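Working notes for the structure below.
The values are calculated or read from the model by the stated rules, or taken from the named source; none is laboratory data. This is a predicted model, so every value here is computed, not measured. Using ideal geometry, Cβ is built from the backbone for each residue, glycine included, and neighbour counts are taken over all protein chains shown. Heavy atoms of the whole protein, side chains included, go into the accessibility calculation; ligands, DNA and RNA do not. Shrake-Rupley method; radii C 1.70, N 1.55, O 1.52, S 1.80 Å.
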Number of protein chains: 2
Amino acid sequence: MTQKGITLKDVAAAAKVSRATAARALNSYGYVGDETALRVLEAAERLGYRANLVAQALRSGQLPIVGFVPGDIQNPFFARIAHDIEVELRKHRHNLLIASSEENVEQEKELLESLRSLSIRGFILAPTSATDNQHIVQLAHEGAPVVLIDRVVKELQCDSVVVDNEGGAREAVDYLVSNGHDRIGLLRDDSRIFTAQERLAGYQNSLQSHGIALDESLISVARSTVEHAVDATIRLFSRRNRPTALFTVDSLMTQGALLGLRSMGLSIPHDVSLVGFDDFNLATFTDPQITVVAQPISEIGPLAARFLLERLAGKKIAPRHIRFPTRLIVRGSVAHLRGR
Amino acid sequence: MTQKGITLKDVAAAAKVSRATAARALNSYGYVGDETALRVLEAAERLGYRANLVAQALRSGQLPIVGFVPGDIQNPFFARIAHDIEVELRKHRHNLLIASSEENVEQEKELLESLRSLSIRGFILAPTSATDNQHIVQLAHEGAPVVLIDRVVKELQCDSVVVDNEGGAREAVDYLVSNGHDRIGLLRDDSRIFTAQERLAGYQNSLQSHGIALDESLISVARSTVEHAVDATIRLFSRRNRPTALFTVDSLMTQGALLGLRSMGLSIPHDVSLVGFDDFNLATFTDPQITVVAQPISEIGPLAARFLLERLAGKKIAPRHIRFPTRLIVRGSVAHLRGR
DNA sequence: TCGCGATGTGAGATCGATCTCACATCGCGA
DNA sequence: TCGCGATGTGAGATCGATCTCACATCGCGA
């Protein structure tokens with residue numbers, strides 16, 4: 001009711017000037033007489049005028065909206081990042097539009113298509129695929145600033161904020177080895193391919209550096225959901241010569257492993273040692289608490305948002321690639337095997 | 001690069017017709033010759049034409065965007081709902097813009113202000129305050145459809161989707177009483193005032209119906225974060241004559257209680273019985289698992305989205321108020337006290 | 001054969017904000 | 001006193017899609 005339909009035209013009429021002059025007064029550009037400007041501002045105030053952002057966007061070609069396409073907004077990792085991005089954007093009067101790809105490349109393509117026609121200013125993406133990324137390359141070439149988080153696209157040069165997955169995984173496995181383990185299972189996913197590959201590499205590199213032969217049968221692959229991880233865990237530990245330790249590549253996998261092991265009556269760390277990638281609230285509620293590789297999650301969102309805002313402000317510098325180190329948080333889920 | 005700047009004008013030129021005819025062919029209205037229509041569609045296809053939604057919005061006054069203002073997107077409850085809403089909207093070619101109020105009325109007001117100038121089509125809100133809601137009433141009166149979730153606004157008649165907080169809380173406390181408890185602590189929050197009040201009422205009503213006098217000293221109030229809940233729990237259980245059971249009003253409170261009790265060396269259910277409002281993944285990972293009042297969380301988002309879409313489609317019926325029942329999930333965190 | 005409804009198309013207006021261009025006035029230095 | 005830069009303002013174009021209105025043609029029934 002109140003300010004419905006108050007346009008610049010109304011303000012101009014109330015101040016008895018043209019729309020051009022009203023615009024000049026409100027946006028402080030060009031020449032405007034002091035007394036005139038005052039009259040316009042006063043009229044705008046009185047009528048409760050608010051510029052129509054859609055009209056502005058039609059002229060400028062851009063809405064003050066940034067698109068965020070995470071793998072899954074329900075994943076606490078992305079929920080936290082979404083929140084941080086939104087806070088940062090809000091400071092610069094931008095809005096955040098979230099569209100979850102649900103780790104599905106086809107859906108990711110469709111989402112980007114539809115966001116494109118919204119004339120969105122820029123994008124923060126966590127690409128689902130490690131290989132099928134032509135649509136993202138194309139998006140970037142059309143001029144919309146793109147910042148990648150969590151995962152990079154090899155063919156595309158743009159700002160990115162990721163985590164040292166290889167190093168984190170290596171540190172986790174090193175820690176297990178240093179506690180006497182050499183039959184170390186790996187529970188990895190097939191969807192977040194980029195990070196999964198890096199974490200797999202860290203696992204392999206650690207084993208190799210300690211002269212432990214890679215045993216493919218200790219690696220179990222599952223879709224990144226708690227349910228699938230439970231099954232994969234049970235499969236892995238139903239084998240005759242089962243692993244003495246398990247490394248899980250993300251927090252959903254870790255949760256699945258916890259449930260799977262419990263259902264098999266295997267206790268942690270007595271029967272199996274466990275280290276997970278990605279810290280999560282649950283890790284400190286279990287008994288024992290779970291040892292994890294923590295990501296600096298609170299830094300990713302704000303930095304990605306800042307990078308994007310700088311690009312939107314026209315900053316022209318070489319793409320920045322930030323790779324945060326991880327941190328091993330030792331709790332109680334790893335047993336020391338002696339004599340083995 | 002590709003379809004940058006392909007407008008209706010380009011399509012019309014390529015098909016050698018006017019913009020008006022091109023629009024008619026593409027949007028299937030008015031009279032267009034079959035052969036002409038085909039030529040236009042073919043040209044649009046070939047050029048990769050995509051209608052500019054901003055321009056459409058300027059005419060229609062509305063962008064295909066719905067705003068969602070939850071209390072906190074990091075809360076898994078709202079993250080899940082956000083996800084469900086997005087999926088539902090996407091089916092109808094609408095986008096979801098998420099702006100978290102962080103349980104702060106002032107921020108909620110600012111967010112709505114800024115979303116308003118975006119010409120957003122409708123809103124799904126979880127109002128932060130139980131009393132200060134004039135801005136929401138005003139928003140609704142300006143004509144934008146509003147659907148409330150989780151919490152209602154007494155002064156406003158509009159669609160709402162909430163949960164039977166009073167009944168759920170009553171059932172939880174009834175269950176504790178039926179297990180012989182009569183000194184039952186309550187850990188409640190001060191921010192989500194609407195739900196908190198209802199849950200408090202359920203607690204009071206249950207006690208009253210069993211003839212148990214209300215003891216204000218058994219009620220502890222804290223901000224709805226894990227940290228504050230830990231403190232409040234410790235405060236409550238440091239008293240001489242401590243409660244034999246505790247009811248917590250949301251999952252963050254429940255987590256805080258778990259940590260607080262553990263830090264005091266109190267074991268569940270041996271020393272204290274516990275029932276929490278709101279189920280959460282962690283509740284099944286603890287030992288024992290936590291008995292909770294579960295909300296039908298998977299129904300809230302889709303229903304709210306459907307209500308809003310119906311309003312956007314022009315449906316004119318009386319506001320619908322849906323109040324879902326809750327469900328008590330009995331696990332292992334409540335002990336039976338005999339003889340007491 | 002005439003007339004009118006059905007069919008088909010384009011010119012131009014519109015949504016709201018902003019920018020360009022043209023024009024008018026003022027005041028100061030030569 | 002003249003002239004020109006500085007100052008101030010409005011008409012109208014523009015962004016892109018859509019809609020109204022005007023106009024033209026066609027074909028069928030009377």
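In region B:241-340, with Lys and Arg counted as +1 and Asp and Glu as -1 at Cβ, which of these residues, B:312, B:298, B:280, has the Cα nearest the positive end of the dipole, that is, farthest along it?
Towards the positive end, the residue furthest out is B:312.
Radius of gyration and Dmax for region B:103-201's Cα atoms, expressed in Å?
16.8, 57
Taking each residue of A:107-119 in turn, how many C-beta atoms of other protein chains fall within 10 Å of its C-beta, and what is the average?
Counting other chains' Cβ atoms within 10 Å and averaging over A:107-119 gives 3.
Given label points at 7 Å from Cα along Cα→Cβ, what nm distances, shortest first, separate residue B:104 from the same residue in every other copy?
Label-point separations across copies, in nm and ascending: 3.6.
I'd like the Karplus ³J(HN,Hα) series for region A:237-249: coefficients 6.51, -1.76, 1.60, θ = phi - 60°, whole numbers in Hz, and an x wherever there's a Gly or Pro.
With coefficients 6.51, -1.76 and 1.60, one gets 9, 8, 5, 4, 8, 6, x, 8, 8, 9, 10, 10, 8 Hz.
Can you list the distances in nanometres, one decimal and ascending, from the residue B:298 label point to the identical position in each other copy, with the point 7 Å along Cα to Cβ?
Once sorted, the set of distances for residue B:298 reads 3.5 nm.
Among A:165, A:206, A:144, which residue has its Cα furthest toward the positive end of the charge dipole of region A:135-209, with +1 on Lys/Arg Cβ and -1 on Asp/Glu Cβ?
With unit charges placed on the Cβ atoms, the residue in question is A:206.
Would you mind telling me which residue in B:118, B:53, B:258 has the biggest mean-square fluctuation in a Gaussian network model of chain B, where springs connect alpha carbons within a distance under 10 angstrom?
B:53
Label residue B:242 and residue A:271 with points 7 Å out from Cα along Cα→Cβ: what is the distance between them in nm?
3.3 nm
Could you put B:178, A:100 in order of accessible surface area, largest first, with the 1.4 Å probe and the full protein assembly present?
B:178, A:100
Measuring from label point to label point, each 7 Å out along Cα→Cβ, what is the residue B:134 to residue B:227 span in nm?
Roughly 3.4 nm, to one decimal.
Rounded to whole Hz and in sequence order, give me ³J(HN,Hα) for region B:170-184 from the Karplus expression 6.51 cos²θ - 1.76 cosθ + 1.60, θ = phi - 60°, writing x for Gly and Pro.
Working through the residues one at a time gives 4, 4, 4, 6, 3, 4, 5, 4, 5, 9, x, 7, 9, 9, 10 Hz.
Could you pull out every one of the lysines with an alpha carbon less than 30 Å from that of residue B:154, ignoring same-chain neighbours closer than 8 positions?
Reachable lysines: A:4, B:109, B:315, B:316.
Which residue, chosen from B:194, B:96, B:332, occupies the Cα position most advanced towards the positive end of the dipole of chain B, where the dipole is computed from +1 (Lys, Arg) and -1 (Asp, Glu) charges on Cβ about the Cα centre?
B:96
For region B:224-315, what's the relative contact order in percent, using C-alpha pairs closer than 8 Å and at least 6 residues apart?
That works out to 24 percent.
Shielding of A:90-103 by partners, i.e. mean partner chain Cβ atoms within 10 Å per residue?
For this peptide, the per-residue mean of nearby foreign Cβ atoms is 4.
Starting from the coordinates of the alpha-carbon atoms of region B:72-157, obtain the Kirkwood hydrodynamic radius over all distinct pairs and give the value in Å to one decimal.
When all Cα pairs of region B:72-157 are included, the Kirkwood radius is 13.4 Å.
Among the trypsin sites (Lys or Arg not before Pro) in region B:124-173, which ones are in a DSSP loop with at most 16 other Cβ atoms within 10 Å of the Cβ? Mind listing them?
Here the trypsin sites (Lys or Arg not before Pro) that fit, given the DSSP loop and packing criteria, are B:154.
Could you pull the accessible area for residue B:92 with a 1.4 Å probe, rounded to 10 Å²?
Residue B:92 exposes around 90 Å² with every protein chain in place.
When the accessible area of the protein assembly as shown is split by element with a 1.4 Å probe, what percent falls to carbon and sulfur?
Of all accessible area on the protein assembly as shown, carbon and sulfur atoms account for 51 percent.
Can you classify the protein assembly as shown as rounded, prolate or oblate using the Cα gyration tensor, where a ≥ b ≥ c are the square roots of its eigenvalues, rounded means a/c under 1.5, and otherwise it's prolate if a/b beats b/c and oblate if not?
oblate
I'd like the GluC sites (Glu not before Pro) in region B:136-203 restricted to DSSP loop residues with at most 14 other Cβ atoms within 10 Å, sorted by number.
B:142, B:155
Please give the per residue accessible area of chain B, computed with a probe of 1.4 Å over protein heavy atoms only, in Å².
On a per-residue basis, chain B sits at 43 Å².
Per the Kirkwood definition applied to all pairs of different Cα atoms, how many angstroms is the hydrodynamic radius of region B:165-296?
14.2 Å
What relative contact order, as a whole-number percentage, does chain A give when Cα pairs under 8 Å and 6 or more residues apart are counted?
Over chain A, the number comes to 16 percent.
Going by amide H atoms built from the backbone, whose H comes under 5 Å of the H on residue B:124, apart from near neighbours?
Residues meeting the criterion, in which the H sits 1.01 Å from N, are B:67, B:68, B:69, B:147.
Enumerate the calculated ³J(HN,Hα) couplings along region B:136-153 in order (Karplus 6.51 cos²θ - 1.76 cosθ + 1.60, θ = phi - 60°), each rounded to whole Hz, writing x wherever the residue is Gly or Pro.
Once rounded to whole Hz, the list reads 6, 4, 4, 4, 5, 5, 6, x, 6, x, 10, 10, 9, 10, 6, 9, 10, 10.
Once all Cα-Cα distances of chain B are split into 20 Å bins that start at 0, what whole-number percent is in each one?
28, 43, 20, 9, 1
Would you mind computing, in nm to one decimal, how far apart the modelled labels at residue A:29 and residue A:87 are, each placed 7 Å from Cα along Cα→Cβ?
Those two pseudo-labels are separated by 3.4 nm.
Using Cα positions and a limit of under 16 Å, work out the aspartates and glutamates in reach of residue A:91, with same-chain residues fewer than 8 apart set aside.
Excluding near neighbours in sequence, the set is A:310, B:102, B:106, B:108, B:110, B:113.
Output the peptides B:210-217, B:242-249, B:110-117 sorted from most to least packed, where packing is the average of other Cβ atoms within 10 Å over each peptide's residues.
B:242-249, B:110-117, B:210-217
From the label point of residue B:197, set 7 Å along Cα to the beta carbon, how far off in nm is each other copy's matching point, shortest first?
5.6
Return a whole-number percent for the relative contact order of region A:11-160, with Cα pairs under 8 Å and 6 or more residues apart as the contact set.
19 percent
Measuring from centroid to centroid over Cα atoms, what is the spacing of region B:145-212 and region B:230-267 in Å?
19 Å
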